[in-house]
Amino acid sequence: MAADMRLPTIQKPVSLTFSAFDRKDLVVPGDVITSDTGFMRGHGTYVDEEKLTASVAGEVQRVDKLICVKPLKTRFNGEVGDVVVGRITEVQQKRWKVETNSRLDSVLLLSSVNLPGGELRRRSAEDELTMREYLQEGDLISAEVQSVFSDGALSLHTRSLKYGKLGQGVLVQLSPSLIKRQKTHFHNLPCGASMILGNNGFVWLYPTPEQLEEEAGGFYTSLEPVSVSDREVISRLRNCLLALAAHKVLLFDTSVLYCYESSVHHQVKDILKPEVMEEIVMLTQQKLLDQEG
C-alpha cells in the first residue's frame, strides 16, 4: 500500500493585519448583539432580558433599525435576480423541477425558457410533448430567479441567451454564504477557463468557448473533446475554490484569480494538502488586503 509522507517545511512569513477574533460582526448563539432597545428584532435573533441576542452563528447585518443575523451555514434563500446553477430532477406538466440547494425544489416553467432558434410564440401541446428534447433529468442549467412563491419555492427563467443548458465542465458545490453578490456572476478568467458563480453555492467551471452559439437559444452544448491543458486549468481552479471555501474566504472573480496565481508553483494534486492550502490562502488574503489598501 502506497503511503504519502510529508516532512515539515518552512513557511514563508505572511503578515495579515486583521484577525477573525477582532471582528464585531461575527456572532455565535447566545452572544449579545446590542442592549439598545431602539432596534427591531430580525431573523436569527431573540430578546433576552431586554438585550438583543443571536440565536444562530453568523454575520450581523443592520438595515436602518432592523438587526438580523445571516447564518454562515444554511440552505439557499433566493431573491429575485439571483443567478443560480441547478440540476433538473423531474419533468412535469409544462414545468421542470430543479435542485438549487434551497429548501424546496425550484420550478422552471415551459413558458420561461427560450425555444430553440429563439422563436417568440405561445407554447403549444407539441412543445409540451418535446420537453425532454430541451431538458431532461440530470441536465445542468444556469438560470435567474424570476419570482419567489408564497411557500418559499423559487420560479426560474432562462430567457436570456447567457442562461440555458450547461455543457462540459465541472460542478463545485459550496456554501451559498461564501458567494459574494456582484453585478455579474459570469466570468471569463484570463487563465483560459470560465466560471459561473451561482448565488446558491453551485459553481460551474468550463473551458472558455471560442465563439458563442446564439442560434440554438441556449440549448446548444459542445461535445468536442476538452484539451489536457484546459482540463488542468479547470482542475486547478476547482482545487483553489475548495481551498478558499475550507478557509471561509469570500468567493468572487478577484479572490479566485489571486488564489489561482498563488497556486501556480504547486502541482494540482498538492493544492488540497493542508500546509499547501494554508500557504496559498494566506497569500491570497495578503493580495486582497494589498488591493484594498
I'd like to know if region 111-123 contains one or more residues that are touching a residue at least 60 places away in the same chain (Cβ under 8 Å) and among the β-branched types (Val, Ile, Thr).
yes
Scan region 273-293 and report the pairs whose first residue is open to solvent by 60 Å² or more (accessible area, probe 1.4 Å) and whose second residue is modelled with pLDDT of 90 or more, with Cβ atoms within less than 6 Å and a gap of 6+ or a chain change.
LYS287/TYR258
What number of residues within region 253-269 are closer than 11 Å to ALA243 by Cα and in a helix (DSSP H, G or I)?
3
Give the residues of region 51-100 that are under 14 Å from GLU144 (Cα atoms) and of a type in the set (S, T, N, Q), sorted by residue number.
ASN77, THR100
Is one or more of the residues making up region 210-228 farther than 14 Å from TYR163 by Cβ, touching a Gly at 6+ places or on another chain (Cβ under 8 Å) and modelled with pLDDT of 80 or more?
no
Looking only at region 130-187, how many residues end up being out of contact with any Gly (no Cβ under 6 Å at 6 or more places or on another chain), buried (at least 20 other Cβ atoms within 10 Å of the Cβ), in a strand (DSSP E or B) and hydroxyl-bearing (Ser, Thr, Tyr)?
1
Of the numbered conditions (1) crowded, with 16+ Cβ neighbours inside 10 Å; (2) without any contact (Cβ under 8 Å) to a residue 24 or more places away in the chain; (3) part of a loop (DSSP other than H, G, I, E, B), ASN199 satisfies every one except a single condition; which is it?
(2)
Quick count over region 250-268, residues being touching a residue at least 60 places away in the same chain (Cβ under 8 Å) and either of a type outside the set (Ser, Thr, Tyr) or in contact with a Pro (Cβ under 7 Å, 6 or more places away or on another chain) (or both), is 6
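The values are calculated or read from the model by the stated rules, or taken from the named source; none is laboratory data. Keep in mind that this is a model prediction, so the values were computed, not measured. Cβ atoms come from the backbone with ideal geometry, glycine included; neighbour counts cover every protein chain shown. Ligands, DNA and RNA are stripped out before the accessible areas are found, and what is left, the full protein with its side chains, is counted by its heavy atoms. Shrake-Rupley method; radii C 1.70, N 1.55, O 1.52, S 1.80 Å.
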